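Input: a single structure, listed below in structure tokens.
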Amino acid sequence: MSAPPIPDNDEARLEVLHQLNILDTPAEQAFDQLTRLTADIMGVPIALVSLVDRDRQWFKSSFGFATRETPRDMSFCAHALYEQAVLVIEDAAADGRFSDNPMVTGEPHIRFYAGAPLYSDEGLILGTLCIIDHKPRRLADVRTDQLSLLARQAEQLISLHKQAQMLKQQVRKTEAINARYEATTKGAAAGIVRINGLGLILEVNRFVCEMLGYREDQVLGNNVGMLMPARWGKSHDGYLAAYQQTGDAKVIGLGREVTALHAAGHVIPVHLAVSEVASAAHPEDYEQRQFIGILTNLSELYAARDQAVKASQAKTDFMSSMSHELRTPMNAILGFAQLLQNSREPLPARQRRQVELISQSGRHLLNLINEVLDLTRIESGNLQFSLESVYLSEVINEAIEIISPLADQRGVSLAMPQLESSKVQVQGDRTRIKQVLINLLNNAVKYNRERGSITLSCVIRDEVCRVSICDTGIGIPEGRLNELFQPFNRLGAEHGSIEGTGVGLALTHKLVRLMNGQVGVNSVLGEGSIFWFELPLPGLSQQAV
């Protein structure tokens with residue numbers, strides 16, 4: 001048995017065949033009537049509509065043959081597919097390609113075969129309309145022209161099947177779209193109004209009726225202007241007509257805050273977004289053109305916003321007042337502690353330790369008060385800034401002088417950039433830049449390991465200067481990095497022995513942002529952290545550090 005050759009375009013042919021979604025589909029009366037008619041006209045016991053798949057031939061319709069599919073390597077039709085022409089086998093038993101074919105030596109005992117190719121719309125052969133007889137027949141007796149005409153009818157049926165499948169898919173999509181639209185309009189937490197180009201209301205959802213105090217039957221068919229205050233309702237049709245004539249949009253395609261008119265006569269603030277529904281309507285057929293408006297009730301939002309503003313202002317006023325009230329007695333406590341420490345008559349060792357503890361705790365509390373006061377000033381917009389060109393080396397050196405004693409006390413080494421001769425400048429407030437540096441360096445020392453190190457570096461790129469402070473400390477879990485700049489959040493360090501307020505980083509973040517900069521952190525737990533901030537350059541001619 002000779003296996004049928006594989007045509008060069010077989011993959012493209014199979015792709016088209018599979019896209020038809022016809023393989024393994026139920027029997028269809030039109031195909032079955034065609035194979036029966038073919039058998040009658042051609043005077044044979046068997047007629048098949050055969051589709052050649054990758055490893056099989058499958059029969060969409062079979063007259064006089066009970067099997068639905070056979071292997072491709074046994075297929076007569078696969079030979080016709082390769083020849084791309086009507087294939088006629090007068091006596092399969094005498095043909096070397098088929099003489100030992102199981103369908104010749106066994107059921108259905110094929111002796112005669114003729115198959116006409118079935119072409120797709122793309123011109124690729126899908127299979128054949130074939131006829132089979134149990135006895136040999138001469139070529140002269142076979143009316144191949146009639147078989148080809150019948151094959152064209154089979155092609156039409158396949159094309160109709162394809163169109164029916166496409167139509168079913170479109171129907172399913174349309175039903176799904178309609179279901180989603182209905183679910184959206186009925187269950188939406190916003191008002192939805194659909195109107196035509198004349199301004200007449202075609203549909204409203206429950207939300208609109210509840211928000212504006214109408215029943216559905218009271219608004220359907222009426223002009224949408226009834227849902228607007230009079231001064232807007234009178235102009236709406238003009239805006240709508242102008243848009244449809246010229247494309248000049250006042251609201252359509254543009255979301256804006258407007259007022260809607262309640263049935264009781266009062267107005268409600270809403271956000272309105274209007275879009276035209278894509279359709280095949282003629283541009284001048286205003287009755288068929290449609291528009292959908294989505295209304296969001298802003299009443300609760302406005303009330304919540306006003307309440308939040310009042311609460312925020314009350315908090316700011318309270319924190320500012322408390323900070324001022326606490327600072328005066330705290331300064332007095334620190335002053336008296338200093339007097340005791342500098343007394344002409346030295347205090348006993350036990351009392352010296354107690355006074356030092358008072359002084360240390362007082363300084364810690366005063367630092368917290370100052371930072372909280374700065375935060376409240378920022379939130380209230382009362383923090384004074386003076387943005388100017390600042391020599392970065394000077395500010396860094398001043399911050400280092402302040403932090404060095406604490407670093408020496410803990411045995412932490414400081415590696416600083418060579419900035420003494422540099423002319424690098426940044427745009428910012430000198431005092432606040434120094435405050436930022438002190439906060440970051442202070443944290444790098446406090447949360448470092450004994451005899452650890454701190455490396456400060458500066459890089460200029462993209463018209464900004466980035467200052468990075470790298471430490472060899474305990475590091476920060478990746479999942480908690482986004483909590484770092486929240487006020488009073490110390491990520492659990494409040495339960496340890498390291499002093500802190502939980503305000504410094506939040507204040508640093510706000511100060512850098514107010515100077516038009518950015519601040520961030522990279523950290524590896526157990527290895528250390530790199531805190532960095534960026535400030536803009538005052539000009540483009542600055543040199544890299």
- Message: When the residues of the range 409-428 are narrowed to those that are out of contact with any helix residue (DSSP H, G or I) (no Cβ under 8 Å at 6 or more places or on another chain) and modelled with pLDDT of 90 or more, which ends up farthest from Leu535 (Cα to Cα)?
- Response: Gly411
- Message: Residues that are open to solvent by less than 60 Å² (accessible area, probe 1.4 Å), in a loop (DSSP other than H, G, I, E, B) and touching a His at 6+ places or on another chain (Cβ under 7 Å): does the range 249-268 have at least one?
- Response: yes
- Task: Residue by residue through the range 330-366, note down the ones that are within 30 Å of Gln384 (Cα to Cα), at pLDDT below 75 and surrounded by fewer than 16 Cβ atoms within 10 Å (Cβ to Cβ).
- Result: Asn331, Ala332, Gln360, Ser361, Arg363, His364
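Just to confirm my filter: which strands (runs of 3 or more DSSP E) fall fully inside the range 1-102 and include at least 1 residues that are out of contact with any His (no Cβ under 8 Å at 6 or more places or on another chain) and open to solvent by less than 10 Å² (accessible area, probe 1.4 Å)?
On the way: elements: 46-52, 56-63, 69-71, 87-89.
Passing ranges, in order: 46-52, 56-63, 87-89.
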- Task: Write out, first by first residue and then by second, each pair whose Cβ atoms fall under 9 Å of each other, whose residues are 6+ apart or on separate chains, and whose first residue, in the range 232-250, is under 11 Å from Gly197 (Cα atoms) while the second is of a type in the set (Ser, Thr, Tyr) and open to solvent by less than 70 Å² (accessible area, probe 1.4 Å).
- Result: Leu240/Tyr286; Ala241/Tyr286; Gln244/Tyr286
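Across the range 430-472, what is the number of residues that are of a type in the set (Val, Ile, Thr) and over 19 Å from Ser389 (Cα atoms)? Give the derivation first.
Keep residues of the range 430-472 that are of a type in the set (Val, Ile, Thr), which gives 431, 433, 436, 438, 445, 454-455, 459-460, 464, 467, 469, 472.
Remaining after also requiring over 19 Å from Ser389 (Cα atoms): 438, 445, 454-455, 469, 472.
Result for the range 430-472: 6.
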- Note on the structure: Subset of the range 135-185, residues assigned to a helix (DSSP H, G or I), in contact with a strand residue (DSSP E or B) (Cβ under 9 Å, 6 or more places away or on another chain) and at pLDDT below 80, comes to Leu139, Thr184, Thr185
- Message: If Trp232 meets every condition in (1) modelled with pLDDT under 90; (2) outside any helix (DSSP H, G or I) apart from one, which number is that one?
- Response: (2)
- Item | Failed item, numbered, when Leu383 is tested on (1) modelled with pLDDT of 75 or more; (2) open to solvent by less than 80 Å² (accessible area, probe 1.4 Å) | (1)
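The values are calculated or read from the model by the stated rules, or taken from the named source; none is laboratory data. Computed from a prediction, not measured in an experiment: that's the story for all the values here. Methodologically, a virtual Cβ is constructed for each residue, glycine included, from the backbone with ideal geometry; neighbour enumeration extends over all protein chains shown. SASA here: full protein model, heavy atoms, side chains in, ligands and nucleic acids out. Shrake-Rupley method; radii C 1.70, N 1.55, O 1.52, S 1.80 Å.
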